[in-house]
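To start, the structure itself, in structure tokens.
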Amino acid sequence: MDFTLSSSDILHTTFIDPTNAPRYRTSTTYPSFAYHQLKLYRTYPDGEQSGADDGAEKTIGNTGEQLIGMITMAGGMGPSGRHHQVVVHSRDVTPERVKKLSTAEILVATDGRSYKWKLEGIKHIGNFLLIDEKTKQTVAHFVIRNPFSSKPCKLHVNTEVLPILDELVATLVYMVLRSNIGY
């Protein structure tokens, strides 16, 4: 499945599916230099029900939006006692660094598998790859575009990881944000 982003600004963007329907939206107040908190919403096209019994907060009346995740980035220790945290459906899915000087991070998803986010190229222009640690195959990739490019950023997700799509999108936003702000 392919998604196109409405903006190159990951802090305020909508992930749009091939039918031109919005599927995910990020929102934040303009962050300070020391602390970022970003909300991730799943959106539902007209007539589609969320079917969510997972305790996720229903947000705005009949707009078909549901708050599914929160991404917190802190220069020092944040409210949770950690520097960074990604929570999706009340579960902490914060990726862990592979090595001290590496940009790669490991995500242990709800399907029990380990996936590695890896930056290929240079930040702001490169690609993020999600690699299944067991099979060593790329299961998702995100193409970052220059903010001045007329081409939008794109996310491609293989069908085998669609069950963890919420976690995938949340950790992708975290990885891009972490790359952009440098911590």
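For this structure, a couple of remarks:
- For segment 130-140, the condition holds for no residue, the condition being that it is within 17 Å of Leu11 (Cβ to Cβ), surrounded by 13 or more Cβ atoms within 10 Å (Cβ to Cβ) and within 12 Å of the chain's Cα centre (by Cα).
- Subset of segment 122-179 [part of a loop (DSSP other than H, G, I, E, B), under 20 Å from Ser6 (Cβ atoms) and not aliphatic (A, V, I, L, M)]: His124, Arg145, Asn146, Pro147, Phe148, Ser149, Ser150, Lys151, Pro152, Cys153
- Of the residues Ile106, Ile122, the single one that is touching an Asp or Glu at 6+ places or on another chain (Cβ under 7 Å), over 26 Å from Pro18 (Cβ atoms) and at pLDDT below 95 is Ile106.
- Among the candidates Pro152, Pro163, residue that is within 16 Å of Leu11 (Cα to Cα) and over 14 Å from the mean Cα position of the chain (by Cα): Pro152
- Residues that are exposed (fewer than 15 other Cβ atoms within 10 Å of the Cβ) and part of a loop (DSSP other than H, G, I, E, B), drawn from segment 85-113: Ser90, Val98, Lys99, Lys100, Leu101, Ser102, Thr110, Asp111, Gly112
- Criterion violated by Val157 - all others in (1) modelled with pLDDT of 85 or more; (2) closer than 17 Å to Thr13 by Cα satisfied: (2)
The values are calculated or read from the model by the stated rules, or taken from the named source; none is laboratory data. What you see is a predicted model, and the numbers here were worked out from it, not measured in a lab. Note: ideal-geometry Cβ built from the backbone for every residue, glycine included; neighbour counts use all protein chains shown.
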